[in-house]
Amino acid sequence: MIDVELDMGVVWSNSDFGQSEVEKAVDTAVRFAAMAELADPVVPVSVSIKLSDNAEVHALNREWRDKDKPTNVLSFPMLDDEELDAVLNGTYDAPEIMLGDIIMAYETCAAEAKEKDIPIAHHATHLVIHGMLHLLGHDHIEDDEAELMEALEVKALASMGLHNPYNDQIDN
């Protein structure tokens, strides 16, 4: 199991999204990314997740992505592809593994959830899974990569009883 270091900002305190929901989303992302080695690691594996606000995410988005606006989630992987492969092959030589950081903006997440007419906890679960897949080497820059990543997200969310975020309609 991956250790989740959660920093929950005040704006998230009234939501139905906290430590247990974040941990469940992280574990589900690992399972559907087909990285069983991380489900029962031989050394401690951790991820840092910060539930923050638009102002902080805006500043990070501007600094690291040259985008002068907030976004729903940002991921900052700590391992490159070669290191991630070494982790999966059992050849990564470190006493512990930090996968990276995920940060989410409450106001943007809440607005998107309202627009989709879903609870913010459902949308936040999707965004944690999305962020974790980035930390695990997935991306959506190319169309084929985007299709694979979306398919993993949809399957992971369905396993949790949550709707397909890429459909306009809610699946039952």
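Just so it is clear, none of the values below were taken in a lab; they were calculated from the coordinates. Here the structure is a predicted model, which means the values were calculated and not measured. No Cβ is skipped: glycine too gets one built from the backbone with ideal geometry, and neighbour counts run over all protein chains shown.
Assign one of three labels to the range 83-163, namely rounded, prolate or oblate, based on the Cα gyration tensor with a ≥ b ≥ c the square roots of its eigenvalues; rounded applies when a/c is under 1.5, prolate when it is not and a/b is larger than b/c, and oblate otherwise. Cα axes put the range 83-163 in the prolate bin. Compared with the dominant principal axis of the Cα atoms in the chain, helix 120-135 is inclined by about 30°. Stretching R62 away from Q19 to a fully extended chain increases their span by 12.7 nm, per 0.36 nm per residue minus the current alpha-carbon distance. A simple spin-label model places pseudo-atoms 7 Å from Cα toward Cβ; at K69 and M8 they are separated by 3.0 nm. Neighbour counts of C-beta atoms inside 10 Å place Y92, Y166, Y106 in the sequence Y166, Y92, Y106, starting with the fewest.
In this structure the amide hydrogen of M98, modeled in the peptide plane, comes within under 5 Å of the amide hydrogens of S46, none closer than 5 places in sequence on its chain. Neighbour counts of C-beta atoms inside 10 Å place F17, F76, F32 in the sequence F76, F32, F17, starting with the fewest. Take the Cα radius of gyration of the range 1-78 and divide it by 2.2 N^0.38 Å, N being the number of residues; the result is 1.24. Computed from the Cβ-Cβ distance with R0 of 41 Å, the FRET efficiency linking D40 to E107 stands at 0.65. The residues E142, E5, when put in order of fewest to most other Cβ atoms within 10 Å, stand as E142, E5. Once C-alpha pairs closer than 8 Å and six or more residues apart are averaged by separation and normalised to the residue number of the chain, the relative contact order reads 25 percent. Going by alpha carbons, how many degrees (0 to 90, nearest 10) lie between the helix axis of 19-32 and the longest principal axis of the chain? Approximately 60 degrees, to the nearest 10.
Normalised by residue count, the chain yields a Cα convex hull volume of 119 Å³ per residue. Against the empirical curve 2.2 N^0.38 Å, the C-alpha radius of gyration of the range 45-123 lands at a ratio of 1.35.
Quickly estimate the mean residue ellipticity at 222 nm for the chain, helices only: each DSSP H run with n ≥ 4 gives -39500 (n - 2.57), and the total goes over all residues, rounded to 500. Please report the intermediate quantities before stating the final value.
On the way: 7 runs with 83 residues, N = 172.
Dividing the helical sum by the residues of the chain leaves -15000 deg cm²/dmol.
Computed from Cα atoms, the angle from the helix 143-159 axis to the main principal axis of the chain rounds to 80 degrees.
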